[in-house]
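Q: Right, I'll just put the structure down here and ask away after.
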Amino acid sequence: MGEQLEDLIANALRALFGAQTAIASFAALAGDASSRRYYRVDLTGPDTPPSIIIMQLPSGSALPLSSEELAVFKEPLKELPFLNLHRFLVRIGVRVPRLYGQSVEEGLLFLEDLGNMALWDKVQDLPPSAVLTWYQKAIDELLLFQVRGTKERDDSCIAFQQRFDFRLYMWEFDHFLEYGLEKRPGRTINQTSKTELRNAFVEIAQRLDSLPPCLNHRDYHSWNLMIHDEAVAVIDFQDALLAPPQYDLASLLNDRITDSVIQPDLEEKLVDYYVKKRVDMERERINRDEFTVMYLLSAIQRDLKVVGRFYYLDIVKGKTAYKKFIPPTVRRLKRNFARLPQTERLIPILAEYYEEMR
């Protein structure tokens, strides 16, 4: 962090917490796939928290979208998506980090420090019963996000101005075709296979597009859920949008290497838990078989996007850390493909290009 920026932050912190506030230490934190940067700042002073997190936004725009495919607004944004969503989520009771202050002109947000323990870290080496309990807590928070968030719809919240629709599903499927197959180093897909895959993807996109949407986080996985005071807190929510309820649930139970902990029997219990609690909250019947089909299609669609995205991050952005998650994701895709007749037929096609599919 440059000296000028450090001075700017020090002045901002004194304005937030008092003139006696001083910085004890700065530490850069490992970010995820976004262009945002994060720092943990240890503080001293009579009215300060012991530490805070600073989110530094990418330079060049005061109102950046983290995902270019979501740039569907008719007019330029007037507010940072993170701030817009944060205000709404606080109002409906979702546990998100406290916002101490902001300096959007300089691209800085000052947030509560939730610690270093993500849900994924918490469940390592725990017995299945304890893993079940923690993921049930995550589902409880998800249902608050989805059910209460949808019931208390606020059209000033940008999440209600964008939807996972056919266009976005196909953008992500094409992202997989481009980077997961066409531009993948060492392999080239033939046109016949590409056409057959894309036709199948169109069918899946049409089915998912037909579902009634609700508020979704869009990236509700075990690395975006922090454990703080024995509760699950939600971060990285700025891409929230309307989508089928199965989408976030599939994200929670099927991301990266989650299935090394969420084995099929545990997955079934957690899907049951979600369905029963949603029925209790909404007092409406859910067809469990149909829900499962759409859950699997959501998991498949998302994992294909993830494979394409991880290759994109490697090839275009030079971020190589995500490649290690591609083989386990492909293995999970094979398992989920085999659970549905309409997708099982695609396994031999993809097996030509991924040994994990063989």
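The values are calculated or read from the model by the stated rules, or taken from the named source; none is laboratory data. Everything numeric here is computed off the predicted structure, so don't read it as measured data. Cβ coordinates were reconstructed from backbone atoms using ideal geometry, including for glycine residues, and neighbour counts include every protein chain displayed. Surface accessibility is based on the protein's heavy atoms, side chains included, excluding ligands, DNA and RNA. Shrake-Rupley method; radii C 1.70, N 1.55, O 1.52, S 1.80 Å.
Q: Give the calculated FRET efficiency between SER260 and ARG153 to the nearest 0.05, with a Förster radius of 45 Å applied to their Cβ-Cβ distance.
A: Details: r = 37 Å, r/R0 = 0.82.
Step by step, r from the Cβ atoms, then E = 0.75.
Q: Quick one: what are the phi-derived ³J(HN,Hα) couplings along the stretch 283-294, Karplus 6.51/-1.76/1.60 with θ = phi - 60°, whole Hz, x for glycine and proline?
A: Once rounded to whole Hz, the list reads 6, 10, 6, 10, 6, 4, 5, 5, 4, 5, 4, 6.
Q: Here's a follow-up. What do you reckon, how do VAL96, VAL279 stack up by accessible area (1.4 Å probe), largest on top? Write down the numbers at each step before the final one.
A: Numbers: VAL96 10, VAL279 45 Å².
Descending accessible area places them as VAL279, VAL96.
Q: Sticking with this one: Where does the chain land at 222 nm, in deg cm²/dmol rounded to the nearest 500, when only DSSP H runs of n ≥ 4 count, each adding -39500 (n - 2.57), divided by all residues? Mind dumping the intermediate values first?
A: Working: 12 runs with 153 residues, N = 358.
Mean residue ellipticity at 222 nm (helix-derived): -13500 deg cm²/dmol.
Q: Please give, to one decimal in nm, the separation of the simple spin-label points placed at THR292 and ARG87, each 7 Å out from Cα toward the Cβ.
A: So the two model labels end up 4.4 nm from each other.
Q: Roughly how many Å² of MET117 are accessible to a 1.4 Å probe, to the nearest 10?
A: 80
Q: How much space per residue, in cubic angstrom, does the convex hull of the C-alpha atoms of the stretch 204-358 take up? Mind showing how you got there, number by number?
A: Numbers: hull volume 21.7 nm³, N = 155.
Residue-normalised Cα hull volume stands at 140 Å³.
Q: Based on the alpha-carbon gyration tensor of the chain, what equivalent-ellipsoid semi-axes (square roots of 5 times the eigenvalues) come out, in whole Å, largest first?
A: Values: eigenvalues 252, 113, 82 Å².
For the chain, the semi-axes come out at 35, 24, 20 Å.
Q: Something else about it: If the only charges are +1 at each Lys and Arg Cβ and -1 at each Asp and Glu Cβ, what is the size of the charge dipole of the chain around the Cα centre, to the nearest 20 debye? Before the final figure, lay out each step's value.
A: Details: 46 positive and 52 negative charges, 156 e Å.
The dipole of the chain has a size of about 760 debye.
Q: Out of the DSSP beta bridges found with both residues in the chain, what percent are antiparallel (nearest 5)?
A: Details: 30 of 31 bridges.
Counting only bridges with both partners in the chain, antiparallel ones make up about 95 percent.
Q: Next up: Just the accessible area for MET294, please: 1.4 Å probe, Å², rounded to the nearest 10?
A: 10
Q: Follow-up question, since we're still on this one. Please give the length that would be gained between TRP223 and LYS323 if that part of the chain were fully extended, namely 0.36 nm times their separation in residues minus their C-alpha to C-alpha distance (nm, one decimal).
A: On the way: separation 100, 0.36 × 100 = 36.00 nm, distance 1.65 nm.
Stretched fully, the TRP223-LYS323 segment lengthens by 34.3 nm.
Q: Pairs of alpha-carbon atoms within less than 8 angstrom and 6+ residues apart define the contacts here; what relative contact order does the chain have, in percent?
A: Details: 506 pairs, mean separation 54.6, N = 358.
The value is 15 percent.
Q: For GLU344, tell me the accessible area in Å² from a 1.4 Å probe, rounded to the nearest 10.
A: Its accessible surface works out to 90 Å², give or take rounding.
Q: Over 26 Å between C-alpha atoms is what I'm after, so list which of LYS78/LYS277; LYS183/LYS305; LYS276/LYS334; LYS194/LYS334; LYS183/LYS319 land there. Could you put the intermediate results ahead of the total?
A: Working: LYS78/LYS277 37 Å; LYS183/LYS305 14 Å; LYS276/LYS334 28 Å; LYS194/LYS334 18 Å; LYS183/LYS319 16 Å.
Where the Cα-Cα span goes over 26 Å, the pairs concerned are LYS78/LYS277; LYS276/LYS334.
Q: Let me ask you something else. Once R0 is set to 45 Å, what does the formula 1/(1 + (r/R0)^6) return for the Cβ-Cβ distance between GLU79 and ARG198, expressed as a FRET efficiency to the nearest 0.05? Let's see the in-between values first.
A: On the way: r = 37 Å, r/R0 = 0.82.
Step by step, r from the Cβ atoms, then E = 0.75.
Q: Can you pull the one-decimal nm distance between simple spin-label points at SER103 and GLU3, each 7 Å off the Cα toward Cβ?
A: Distance between label points: 1.7 nm.
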